[in-house]
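See structure below.
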Amino acid sequence: AGQINPSGYTSHKVCGECHEDIHKAWSDSAHARAVTDPAFQAALKESEEKHGQDSRKLCLSCHAPTTRFTRATDLQDPMVQEGITCDFCHTVAGVEMGRAPHPFDLQPGPVKRGPMEYAKSTAHLTAYSVLHKSSPLLCASCHEHRNALGAHVLSTYQEWATGPYPA
């Protein structure tokens, strides 16, 4: 059995040992393929050709958000290849949209945050998180992006927030 990384991110494979159904659903998701998807790979290559290596860091900050903490940018790095992995989302302790480009309060390690108030685990510590229960802010930081000129490049969060869905 795998172990929880006490000072960094834990591989999805370790999470999947206990959370089999959730892991299966994640494994088939766009989040799991956020880095390995051929369309992303092609767009990243084009961006790097036009704008240089700095664009990789920007793209990976959402497509492999563990890089916000680890600073890894090698596409062959196993944690980078996990894309938007279980442990990233479950170690976010807070989000402040006005703190772009670093909106997340990241606390990787043994505590996993989630929407269940009395969750217990024998594998890791747990913490109830209102952010994980109902707040769209957990997702907003990557689903809302403006370029350096302030123009919306991605406005999924804004579209959701101004539509009928919040109700």
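The values are calculated or read from the model by the stated rules, or taken from the named source; none is laboratory data. Keep in mind the model is a prediction, meaning the values are calculated, not measured. As a convention, Cβ positions derive from the backbone with ideal geometry for all residues, glycine included, and neighbour counts pool all protein chains shown. Remember, those area values only see protein heavy atoms, side chains included, never the ligands or the DNA or RNA. Shrake-Rupley method; radii C 1.70, N 1.55, O 1.52, S 1.80 Å.
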* Under 5 Å, built H, 5+ apart or other chain: amide partners of LYS112 -> LEU125, THR126, ALA127
* Take the Cα of GLN107, step 7 Å along the line toward its Cβ, and report every residue of region 120-142 whose backbone nitrogen sits under 14 Å from that point. => 125-132
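Where the eigenvalues come from the Cα gyration tensor of region 89-167, what are the semi-axes √(5λ) of the equivalent ellipsoid, largest first, in whole Å?
28, 16, 8
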* Can you pull the Rg over Rh of region 1-154, Cα-only, Kirkwood? -> 0.97
* Which of rounded, prolate, oblate describes region 1-78, given a ≥ b ≥ c as roots of the alpha-carbon gyration tensor eigenvalues and a/c under 1.5 marking rounded, otherwise prolate only if a/b is larger than b/c? -> oblate
* Cys with no candidate disulfide partner in the chain (beta-carbon separation under 4.7 Å rule) -> CYS18, CYS59, CYS89, CYS139
* **Accessible area (Å², 1.4 Å probe, nearest 10) - HIS102** => 110
* To do: Would you work out if region 47-103 is rounded, prolate or oblate? Take a ≥ b ≥ c from the square roots of the eigenvalues of the alpha-carbon gyration tensor; rounded if a/c is under 1.5, else prolate when a/b is larger than b/c, oblate otherwise.
  => oblate
